[in-house]
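Engineer: The structure that follows is given in the form of structure tokens.
Derivation of every value follows stated rules applied to the coordinates shown; laboratory data play no part. Nothing here was measured: the structure is a model prediction, and the numbers come from that model. Note that each Cβ is placed from the backbone with ideal geometry, even for glycine, and that neighbours are counted across all protein chains shown.
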Amino acid sequence: MIEKTLILIKPDAVQRGLIGEIVKRFERVGLKLCAMKMLVALPEFIEKHYTLDPTWRQRNGEKTIKGYLDKGLTPPTNDPMEASGKTLSLLKSYMTSGPIIAMILRGAHAVDIVRKLVGGTEPLTSDVGTIRGDYVLDSYQLSDKDGRSVRNLIHASGSVDEANMEIEHWFKPEEVIEYRLVQEQILYDVNLDGILE
């Protein structure tokens, strides 16, 4: 159950000075930071990130079209590949607009815990208490109107398999540090019998 997951703190979060607040949320829940770096990514690198899973384009396009239909709107296209092509183009522009922070977190149920803390992809509908729900006021409507990607501060891996692919894409093995934190004694000790030793 101990997993690693990839987090990308996007350019809007960096520009708004939210790096520390975001990292604090993950550390407070008990996740361990194993790797971190700041970089300005190239468009090709971002495209590869989003297409590591060969089904991403189809799934993203279908989700985009469904989102329009669920809101009673007419989608700009009914072709999932065309819809995801536009999304990918906007994501490349957004993710290369400034520095980003890439990091790896490790802990029990890391992928699901991070997804819960981050909140839904659309900030407008993210729950209060999530990172996106607390720090962003953007929506798909606003981003569509402006012809840009939704500004939602952060990327979080969607599954353990996705996390493994993304970590390999963003980090060399020697950039990932394995070490022990004192708090792990409390989080993972079955009987908490080491406290008074």
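Engineer: Once both axes come from the Cα atoms, what is the angle between helix 19-29 and the longest principal axis of the chain, in degrees from 0 to 90, rounded to 10?
Structural biologist: Taking the Cα atoms of the chain, the angle to 19-29 is about 50 degrees.
Engineer: Excluding V176 itself, what net charge comes from residues whose Cβ is under 14 Å from its Cβ, given Lys and Arg +1 and Asp and Glu -1?
Structural biologist: My count for the surroundings of V176 gives -1.
Engineer: If you don't mind, another one. Express in whole angstrom the spacing between the alpha-carbon centres of region 82-104 and region 122-197.
Structural biologist: 17
Engineer: On C-alpha positions alone, give me the angle between the axis of helix 80-95 and the longest principal axis of the chain, in degrees, nearest 10.
Structural biologist: The answer is roughly 60 degrees.
Engineer: Counting Lys and Arg as +1 and Asp and Glu as -1, each charge on the Cβ, what is the dipole of the chain about the Cα centre in debye, to the nearest 20?
Structural biologist: Values: 25 positive and 29 negative charges, 120 e Å.
Rounded to the nearest 20 debye, it is 580 debye.
Engineer: While we're on this one: Say the cut-off is 27 Å between C-alpha atoms; which of K4/K145; K32/K66; K4/K92; K48/K71; K37/K145; K4/K66 go over it? Walk me through the numbers before you get to the answer.
Structural biologist: Details: K4/K145 36 Å; K32/K66 36 Å; K4/K92 25 Å; K48/K71 30 Å; K37/K145 33 Å; K4/K66 31 Å.
From K4/K145; K32/K66; K4/K92; K48/K71; K37/K145; K4/K66, over 27 Å: K4/K145; K32/K66; K48/K71; K37/K145; K4/K66.
Engineer: Name the residue, out of P99, P54, P43, whose mean-square fluctuation peaks in a Gaussian network model built on the chain with Cα pairs under 10 Å.
Structural biologist: Of P99, P54, P43, the most mobile in the Gaussian network model is P54.
Engineer: Describe numerically, in nm with one decimal, the distance between label points set 7 Å from Cα along Cα→Cβ at K71 and at H109.
Structural biologist: That separation, rounded to one decimal, is 3.1 nm.
Engineer: For the chain, with a Gaussian network of springs between Cα atoms less than 10 Å apart, report the residue from G17, G85, G30 with the top mean-square fluctuation.
Structural biologist: It is G17.
Engineer: Enter the angle in degrees (range 0 to 90, nearest 10) between the Cα long axis of helix 56-70 and the first principal axis of the Cα atoms of the chain, meaning the one along which they spread out most.
Structural biologist: Taking Cα atoms only, the helix is inclined about 70 degrees.
Engineer: Comparing L69, L39, L31, which has the greatest mean-square fluctuation in the GNM of the chain with Cα pairs linked when under 10 Å apart?
Structural biologist: L69
Engineer: Full extension from D144 to T55: what is 0.36 nm times the residue separation minus their Cα-Cα distance, to one decimal in nm?
Structural biologist: Working: separation 89, 0.36 × 89 = 32.04 nm, distance 2.35 nm.
This chain segment gains 29.7 nm when fully extended.
Engineer: Counting Lys and Arg as +1 and Asp and Glu as -1, each charge on the Cβ, what is the dipole of region 129-172 about the Cα centre in debye, to the nearest 20? The partial results should precede the final answer.
Structural biologist: Details: 5 positive and 8 negative charges, 42 e Å.
For region 129-172, the charge dipole is close to 200 debye.
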